[in-house]
Amino acid sequence: MEQVGIYEKLITQLIDKNIDREVFYLGERALEGAEASVWLSRFLTKIMEHAIAAIPSGASQLTEQIGLANKLVLWLNDHVQDDQLITENLLDSQGRILTALFDKKNPISTDFPEFTKAIYPLTGLSQSELFCGSNAGISLDTELKREIRSADKIYWLVSFIKWCRHSDF
């Protein structure tokens with residue numbers, strides 16, 4: 001089991017079985033219906049990521065991973081009453097990720113691939129990146145410039161920290 005401390009995660013049967021309640025206090029609360037979809041989807045995301053990553057590497061690994069994902073979607077289709085959402089969301093067998101969509105009738109560039117490459121954040125859009133002032137890796141300045149160039153709107157939230165130092169000299 002993990003280290004002692006505070007947690008916010010679902011209690012699985014494995015956790016429940018392996019915790020000695022004579023030795024450890026197990027704080028818990030009921031999962032409410034209104035939050036169940038969020039918690040259960042987070043849990044399933046980790047399980048699915050592990051299962052898809054467990055497919056042996058090789059020439060057909062990506063095809064098998066996409067096949068497994070589509071089988072899971074089709075299984076959901078059989079068990080959920082939302083045919084349009086699920087059946088229209090099968091993954092393309094080539095495993096492509098949409099990175100840009102521009103109107104060719106109203107071009108913002110003469111070279112779309114190069115323009116996309118210039119404005120697309122190096123860290124991607126679906127993951128967060130911690131910027132801590134280090135000289136290594138991706139700079140905050142570079143990422144902000146790319147994000148600004150790709151934005152439709154910009155909302156600034158600025159934090160000012162005042163440092164005070166007392167000196168005996």
Item to check | Residues of the stretch 24-34 satisfying the condition of being surrounded by 10 or more Cβ atoms within 10 Å (Cβ to Cβ) and farther than 20 Å from GLY5 by Cβ | outcome: LEU31
Checklist entry - Got a number for residues in the stretch 1-43 being of a type in the set (Ser, Thr, Tyr) and outside any loop (DSSP other than H, G, I, E, B)? => result 2
Checklist entry - Picking from ALA59, ALA53, which residue would you name as being within 22 Å of the chain's Cα centre (by Cα) and within 25 Å of GLN94 (Cβ to Cβ)? => result ALA53
Next on the checklist: If the requirement is being aromatic (Phe, Trp, Tyr) and modelled with pLDDT under 80, which of these qualifies: PHE131, PHE115?
Outcome noted: PHE131
Item to check | Hits in the stretch 44-76 (condition: surrounded by 11 or more Cβ atoms within 10 Å (Cβ to Cβ) and not in a helix (DSSP H, G or I)) | outcome: ILE55, SER60
Next on the checklist: Quick test for you: out of GLY27, GLY95, pick the one residue that is under 30 Å from GLU143 (Cα atoms), in contact (Cβ under 8 Å) with a residue 12 or more places away in the chain and outside the structural domain of ALA151 (by TED's automatic domain parsing).
Outcome noted: GLY95
Next on the checklist: If a residue must be surrounded by 11 or more Cβ atoms within 10 Å (Cβ to Cβ) and not hydroxyl-bearing (Ser, Thr, Tyr), how many such residues does the stretch 5-23 contain?
Outcome noted: 6
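The values are calculated or read from the model by the stated rules, or taken from the named source; none is laboratory data. Values in this document were obtained by computation on a predicted structure and should not be read as measured data. Positions of Cβ are backbone-derived with ideal geometry, glycine not excepted, and every protein chain shown enters the neighbour counts.
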